[in-house]
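The values are calculated or read from the model by the stated rules, or taken from the named source; none is laboratory data. Keep in mind that this is a model prediction, so the values were computed, not measured. A quick note on method: Cβ atoms are made from the backbone with ideal geometry, for glycine too, and the neighbour counts reach across all protein chains shown. We work out accessible area using only protein heavy atoms, side chains counted, and drop any ligands, DNA or RNA first. Shrake-Rupley method; radii C 1.70, N 1.55, O 1.52, S 1.80 Å.
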Amino acid sequence: MKDNYLTVTALTRYVKRKIDTDPHLRQVWLRGEISNFKHHSRGHMYMTIKDDNARIQAVMFSSNNSKLLFRPENGMSVLIRGEVSVYEASGQYQLYIREMEPDGIGALYQAFEQLKEKLQIEGLFLDDQKKKIPAYPNHVGVITSPTGAAVRDIVTTIERRSPSVKITVLPVSVQGPQAVSSIVRAIQYANAFPDEYDVLIVGRGGGSIEELWSFNEEAVARAIYDSSIPVISAVGHETDTTIADFVADLRAPTPTGAAELAVPSQTEQLDKVSYFVQRLTQVMRTDIQMYSKRLERLSQTYAFKYPKQLIAQKEQELDSMLDTLNRSFENRVEEKQLRYTHLKKRLGMQHPEQEIKIAADNNNKLTAQLNRSMKQLFTSSERELQTAINKLALVNPLAIMARGYGISYNQEGNVIKSIKEVNQGAQIDVRLKDGYVQAEVQKIKEADDSGGRKEI
């Protein structure tokens with residue numbers, strides 16, 4: 001009976017073999033919503049796939065998720081291809097994802113929107129980061145496929161508009177697995193010679209989103225952003241928009257449009273020069289006529305006709321102005337002299353010796369006043385003291401005893417104040433002016449209201 005018991009490991013392995021050999025679970029197509037998503041530091045993705053009534057744990061290893069064109073997120077609805085198996089350590093069945101894409105939206109479009117949001121948050125699309133395209137470049141670098149129609153359109157347009165501009169084609173692959181690294185290397189190569197190139201045109205002809213995808217890769221976008229040379233993007237047709245268009249310093253609707261934006265038209269420039277020559281000639285002719293008339297008017301003025309008389313008049317005006325200046329100077333000097341004398345007098349009155357003398361006089365006055373006040377205070381205090389002494393003398397017991405009075409004490413040394421405090425036959429002490437008398441109480445008499453006495 002004991003041999004019928006299985007271990008947990010054995011049971012789990014049995015269930016795992018059952019599930020792994022089920023052909024229906026080897027290829028599972030699943031639609032669900034992602035929750036509890038976690039991207040492990042080792043590259044693996046762990047998540048829960050759920051619907052309204054159930055859920056299943058899932059894992060997508062790095063060897064599979066490295067091919068994803070979008071970033072999975074919680075709450076995202078996805079379409080999954082994978083297989084079901086058992087994770088023996090926990091005895092839990094789970095889904096092993098092989099492929100995954102967003103449900104209801106293309107993976108490429110999802111990746112495009114995610115990268116666009118990421119780079120926008122980082123500030124790669126800001127207008128103040130854009131470099132100015134030079135108005136008259138001498139050398140244009142063209143980064144595109146050397147065999148496509150785009151390169152022919154760009155070169156032909158530049159040669160037609162500005163034959164003197166130098167064109168260098170930096171050939172790259174614009175489609176396929178090597179396209180991204182090829183484009184990045186070409187941009188970096190051009191930036192190794194920043195004084196050589198004035199502007200770069202990066203692009204290709206039209207195509208599907210898959211064919212244009214190289215220009216939606218983060219590496220290409222950052223290479224364009226890091227370029228010290230201004231970059232014009234020229235990817236696809238006017239309706240095609242890529243990440244490269246947002247990052248570039250200027251977006252052109254087509255490769256031909258990029259060439260037109262990169263260089264000015266020689267014919268248009270010559271027309272502008274002719275126009276400006278005509279305008280300049282007209283302005284100069286107008287100015288010459290105006291200044292000629294002005295010169296003619298000046299030649300008819302008094303100064304040109306009678307220069308000697310004008311000089312004589314100006315000489316007199318100069319003498320008058322000199323006299324006025326001299327008087328003003330003398331008045332100014334006199335004013336300053338008076339001010340100086342006044343300040344000197346004030347300074348003498350405020351000289352330290354004078355201040356010290358005044359302070360000494362004040363000190364003497366205050367000292368005399370203090371002495372008088374002290375004498376008055378002493379006299380007043382002396383009178384008050386003598387008055388207090390006289391009052392104390394009146395109530396001094398010794399003074400009373402000097403007039404024949406005495407103070408009686410019982411045997412305990414307490415003053416006898418009433419006949420009720422002694423008894424007949426008690427020994428008492430009588431304090432007189434010059435000593436004590438010991439006595440014995442023989443009789444006690446009480447005083448009545450009339451002053452008489454009666455025995456008790």
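Structure above, values below:
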read-out: Candidate set: the range 382-434, residues that are assigned to a loop (DSSP other than H, G, I, E, B) and farther than 26 Å from Lys445 by Cβ; chosen: the one modelled with the highest pLDDT; value: Asp434
read-out: Residue satisfying all of: in the range 1-28; polar (S, T, N, Q) and in a helix (DSSP H, G or I); surrounded by the fewest Cβ atoms within 10 Å (Cβ to Cβ) among these; value: Asn4
read-out: Any hit, the range 103-126, residues being without any contact (Cβ under 8 Å) to a residue 40 or more places away in the chain and open to solvent by less than 20 Å² (accessible area, probe 1.4 Å); value: yes
read-out: So Arg81, is it basic (Lys, Arg) and open to solvent by 70 Å² or more (accessible area, probe 1.4 Å); value: no
read-out: Residue count, the range 29-77 (criterion: more than 24 Å from Ile19 (Cα to Cα), assigned to a strand (DSSP E or B) and open to solvent by less than 30 Å² (accessible area, probe 1.4 Å)); value: 1
read-out: In the range 60-103, the residues that are of a type in the set (Ser, Thr, Tyr) and within 47 Å of the chain's Cα centre (by Cα); value: Ser62, Ser63, Ser66, Ser77
read-out: Answer residue from the range 127-181, given it is open to solvent by 40 Å² or more (accessible area, probe 1.4 Å) and β-branched (Val, Ile, Thr) and is modelled with the lowest pLDDT among those; value: Thr147
read-out: Every residue from the range 180-228 that is touching a residue at least 12 places away in the same chain (Cβ under 8 Å) and hydroxyl-bearing (Ser, Thr, Tyr); value: Ser181, Tyr189, Tyr197, Ser214, Tyr225, Ser227, Ser228
read-out: All positions within the range 392-407 that are surrounded by 10 or more Cβ atoms within 10 Å (Cβ to Cβ) and farther than 25 Å from Glu421 by Cα; value: Leu392, Ala393, Ala399, Ala402
read-out: Candidates Lys375, Lys344, Lys365, Lys305 - the one that is without any contact (Cβ under 8 Å) to a residue 60 or more places away in the chain, open to solvent by 80 Å² or more (accessible area, probe 1.4 Å) and closer than 30 Å to Leu295 by Cβ; value: Lys305
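Residue-wise test of (1) among the acidic types (Asp, Glu); (2) under 26 Å from Gln110 (Cα atoms); (3) buried (at least 24 other Cβ atoms within 10 Å of the Cβ).
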residue	(1), (2), (3)
Ile183	no, yes, yes
Gly207	no, yes, no
Tyr225	no, yes, no
His237	no, yes, no
Thr242	no, yes, yes
Glu260	yes, no, no
Gln266	no, no, no
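To keep it simple, each residue is scored yes or no on (1) more than 30 Å from Val15 (Cβ to Cβ); (2) in contact with a Ser or Thr (Cβ under 9 Å, 6 or more places away or on another chain).
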position	(1), (2)
Met60	no, no
Gly91	no, yes
Gln94	no, yes
Glu117	yes, no
